[in-house]
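Input: a single structure, listed below in structure tokens.
The values are calculated or read from the model by the stated rules, or taken from the named source; none is laboratory data. No experiment lies behind these values; they were computed from the predicted model shown. Methodologically, a virtual Cβ is constructed for each residue, glycine included, from the backbone with ideal geometry; neighbour enumeration extends over all protein chains shown.
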Amino acid sequence: MDWQLELIEKEETKVERIGAQIEKLASDLIRFESTNVESVNLCADFCSEWLKSRGLQVEVWENHGLKSVVATVGEGESTIILNGHLDVVPGQPQLFQPRQEQGKLYGRGSYDMLGAVAAMMVLMTELVEEPPACKVILALVPDEETGGQYGSGFLVEQGIIGDFVICGEPTNLKMGIHAKGILQLAVDVKGIAAHGSRPWLGKNAILEALENYKSIVSLDVFQQSSDYFKQPSVNLALIQAGKVFNQVPDLCSLGIDIRYLPGQRPEEILEKIRQINPEAEITVRYQGLPVETKSDNTFVRKLHEIANEHSGNQSVFFGQDGAADTRYYSEKGIPAIEFGPTGANHHGPGEYVEIESLYVYKSILKQFVHQIKNKG
């Protein structure tokens, strides 16, 4: 009986140590204030050494001066990618001083998504001791908040891919299987200059551009819906026009951010917009395909079952209005989802992650990878 009690006490101590390790590691990551190239790279170096010192096989990739960390454990027919970004959005200095209150870890990036990163890192160290029957790759990337092309986009092009991808974005243990596509346009609308006191002699490019925008948002393509989205979104993000008060502006440039639905075709959307004003000059500034991972995918169903087991059937499927690095994998035909711990207020002053959810999140991922044996 004594040896059994001693074994239980050791196991309880181990659990407490692991839990505290996730929390401490997340706090350490927050303190890096990873909002620029230098601080993101310092954070990447820290993660690399932390993982190496715990027995992981680690590679550091550099692209456009930004570092990505790739750690691998296990062998098998299937490969699971755990993807996490180290960069965070800027904030006041005090936001990078983590603090705990009532079971919550506060700090910039705690929820988006350094808490998830810490849980994934600790999981990888546990998998060294308990190898799964599949390969697990942890990809820690530097630039998701600014587009992701130098991190996840680069790694995918280098062939660091798998059979299923989990991006640890903030989802409250729900599963983001769809995401809208991105079509960002610069629309230059021409007018005719005239003296400001005689506007009837000219053609005001600002007024013309605003009328064009009203016609754009009223297009039928932006009234459509899908299983996970009420409709696409159109945001008038930028207006540049005019030089002086006493002149009718002859050029107005609009910056329009369109998030279209899975199944919609961006080229058709663009053609409809061109037809509104054939004389306007339209330039595609950025384009990203939507994510449309199937809910009946074998990996999705398995993770969904485990997540519900741990969350009391709270892990529903949903569609993400914004974009994440899932799109780089989806473009290659790889099923990818957003799935992360519970919290609130990401990108805001009161950002936090619930500490207990970090433990639950790690347990879900651990159980999932240990159940993967064959593809599909």
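General observations
- Only one entry of A133, A116, A139 meets the criterion of being closer than 28 Å to D296 by Cβ, assigned to a strand (DSSP E or B) and in the same structural domain as S295 (by TED's automatic domain parsing), and that entry is A139.
- Options G74, G107: the member that is on the phi > 0 side of the Ramachandran plot, assigned by TED's automatic domain parsing to the domain that holds I160 and surrounded by 22 or more Cβ atoms within 10 Å (Cβ to Cβ): G107
- Number of positions in segment 292-317 that are among the basic types (K, R) and either under 19 Å from F229 (Cβ atoms) or in contact (Cβ under 8 Å) with a residue 40 or more places away in the chain (or both): 2
- With respect to being part of a strand (DSSP E or B), among the hydrophobic types (A, V, I, L, M, F, W, C) and outside the structural domain of A119 (by TED's automatic domain parsing), V165 falls outside the description.
- Looking only at segment 194-251, residues that are closer than 24 Å to Q264 by Cα, outside any strand (DSSP E or B) and not basic (K, R) come to 19 in all.
- Residue tally, condition farther than 20 Å from Q184 by Cβ, surrounded by fewer than 17 Cβ atoms within 10 Å (Cβ to Cβ) and either charged (D, E, K, R) or in contact with a strand residue (DSSP E or B) (Cβ under 9 Å, 6 or more places away or on another chain) (or both), over segment 207-257: 9
- Residue check for G153: without any contact (Cβ under 8 Å) to a residue 40 or more places away in the chain and either outside the structural domain of H85 (by TED's automatic domain parsing) or outside any strand (DSSP E or B) (or both): no
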